[in-house]
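Below: one structure, written as structure tokens.
The values are calculated or read from the model by the stated rules, or taken from the named source; none is laboratory data. Only a predicted model underlies this, so the values are computations on that prediction, with no experimental measurement involved. Cβ: placed from backbone, ideal geometry, glycine included. Neighbour counts: every protein chain shown.
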Amino acid sequence: MPINKNAYRRYKVIDACLRNKMRRYPNMKELLAALEEKLGVNTTAETVQKDIAVMKMLPPDGFDAPIKFNRTHLGYEYTNPDFSINGVSLNSYDVDSINEAIEVISAIGGSRVSEKFTHAIEKVLSNAQELNNKEVKRKIIETDYISEGRGFEHFDLLYSACRDRVPVSFIHYSYSRREFKALIIHPVLLKEFNNHWYVIGFSEAHQALRTFGLDRVKAPEPIYKVFQDTSSDVIDAYLNNVYGVYPLPNCTKEKITLHANAMITNYFRAQKIHESQHVEMREQGRFHHHF
Amino acid sequence: MDKKRDLLLQLNVVRKPNTNLIILRAILSERHTRIDFGYFATDEYYRGGWIKMSPDSYLRTNSSEAKYKLKYTDDIPLAPARLDFESNKDWHYFSLFFEPIPKRSCKIDLIEVENPQDTDFNYYGIKIDLNNAEEIIKP
């Protein structure tokens, strides 16, 4: 017998109540209150009892839910605390944790990870929607990220190309040379620097690793071609001795020293600007920062 | 040659005397022949001038008299509408979609105007060499 939509919504609310570790052993009165709060309709105790009976039935009629009335606590419980009528068993802690993670990801650039992430996570959370309907969203974290950067619409395609090792043809425009070029790259890495995203890969035209700003990439097309892979060692060597994303061509590594007073040194110490940075204290409160 | 495959050719062909228009790629599919262009504004106009495409533009190959008409464009208006630049440092990428040419190696001409001036987007003898074509992975 198929489960009708209203009944299924009630089952989900009952399921959420039984999995709520902050309020264990809900009694009938609490279940009815939760149903009214979540679904906005009055439900009778008789209906809830029938719902519980159906939930206890074996699939496909029910969910084989291990619901039991606990006589000590005078409320209902799942005898298997990990049980959920949904395939993914999320309790209120799980949902809260996921929501917190989403908030952090959104703040540090959720939009950069594209809508695909949001859709996927919404799918997971839809099963726990009753636990997730906090209507007032107050911003807790803010970064200096500015959304709607040009070229970010290609992030998904380039990410997939890096992951699946697929060569990509695209149009590139060089701001400095004022030059368009159709290029084929074998992308290996997406990198962010100063709120700009870059794709790094072996460029057939240059016969070397190159970095391309996503804001200057147009019309990327993945193509069938043998992928020219680049090892992690080569990528590390390409990026390690660089500030930013563009290595200076034909230049060797150089030692750089910045002189700073004690006050400015606080900032350097608080946030390194390069992995190689180390500080050396000199006379009279002066510091040298070596890179 | 499998007709259903979409073939991509990297062209990077600059024409003369005006070198600020470049044909970047050609994509040959069952549905259309797409030509990708890059254009950057020049000092000729204080604000960079404008671009537009004649709706009567067409492709022709060196192997027949057939004209492959412009079907639609992406990011360039059809005349008399035009895209006005804001500065002489602007740059613009756009694509033209023509009726599909046969998938075989040939040379093509892009004709915007029959008796062109230097500023018209005519291109002659674009080499389509399918030996250098890449197949696009369709979504």
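Going residue by residue through the range B:12-19, is there one that turns out to be in a strand (DSSP E or B) and buried (at least 21 other Cβ atoms within 10 Å of the Cβ)? Checking the range B:12-19: not a single residue is in a strand (DSSP E or B) and buried (at least 21 other Cβ atoms within 10 Å of the Cβ). Filtered by the rule that a residue be in a loop (DSSP other than H, G, I, E, B) and of a type in the set (Phe, Trp, Tyr), the range A:237-275 gives A:Tyr243, A:Tyr246.
Between A:Asp215, A:Asp229, the distinction of being assigned to a helix (DSSP H, G or I) and of a type in the set (D, E, K, R) belongs to A:Asp215 only.
Residues checked against (1) of a type in the set (Phe, Trp, Tyr); (2) away from chain A (no Cβ under 13 Å); (3) free of Cβ contacts under 8 Å to residues at least 24 places away in the same chain:
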residue: B:Ile23; (1), (2), (3): no, no, no
residue: B:Tyr46; (1), (2), (3): yes, yes, no
residue: B:Lys52; (1), (2), (3): no, yes, no
residue: B:Ile76; (1), (2), (3): no, yes, no
residue: B:Pro102; (1), (2), (3): no, yes, no
residue: B:Lys107; (1), (2), (3): no, yes, no
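Please determine whether any residue of the range A:281-289 is in contact with a helix residue (DSSP H, G or I) (Cβ under 7 Å, 6 or more places away or on another chain), small (Gly, Ala, Ser) and either at pLDDT below 90 or over 30 Å from B:Ala41 (Cβ atoms) (or both). Scanning the range A:281-289 turns up at least one residue that is in contact with a helix residue (DSSP H, G or I) (Cβ under 7 Å, 6 or more places away or on another chain), small (Gly, Ala, Ser) and either at pLDDT below 90 or over 30 Å from B:Ala41 (Cβ atoms) (or both). Checking A:Lys139, A:Lys191 one by one, the residue that is at pLDDT 70 or above, more than 24 Å from A:Asp229 (Cβ to Cβ) and among the charged types (D, E, K, R) is A:Lys139 and no other. If you go through the range A:233-280 and keep only what is at positive phi and either of a type in the set (Gly, Ala, Ser) or at pLDDT 85 or above (or both), you end up with just A:Gly244.
Select, from A:Ile14, A:Ile108, the only residue that is at pLDDT 90 or above and either over 29 Å from the mean Cα position of the chain (by Cα) or within 30 Å of A:Asn194 (Cβ to Cβ) (or both). Outline the logic, then answer.
Details: A:Ile108 fails: at pLDDT 90 or above.
The conditions single out A:Ile14.
You will find that of B:Glu135, B:Glu65, the residue that is away from chain A (no Cβ under 14 Å) and not β-branched (Val, Ile, Thr) is B:Glu65 and no other.
Meeting the requirement of 1 or more residues that are surrounded by fewer than 19 Cβ atoms within 10 Å (Cβ to Cβ), the strands (runs of 3 or more DSSP E) wholly within the range B:25-99 are B:58-61, B:67-74, B:91-98.
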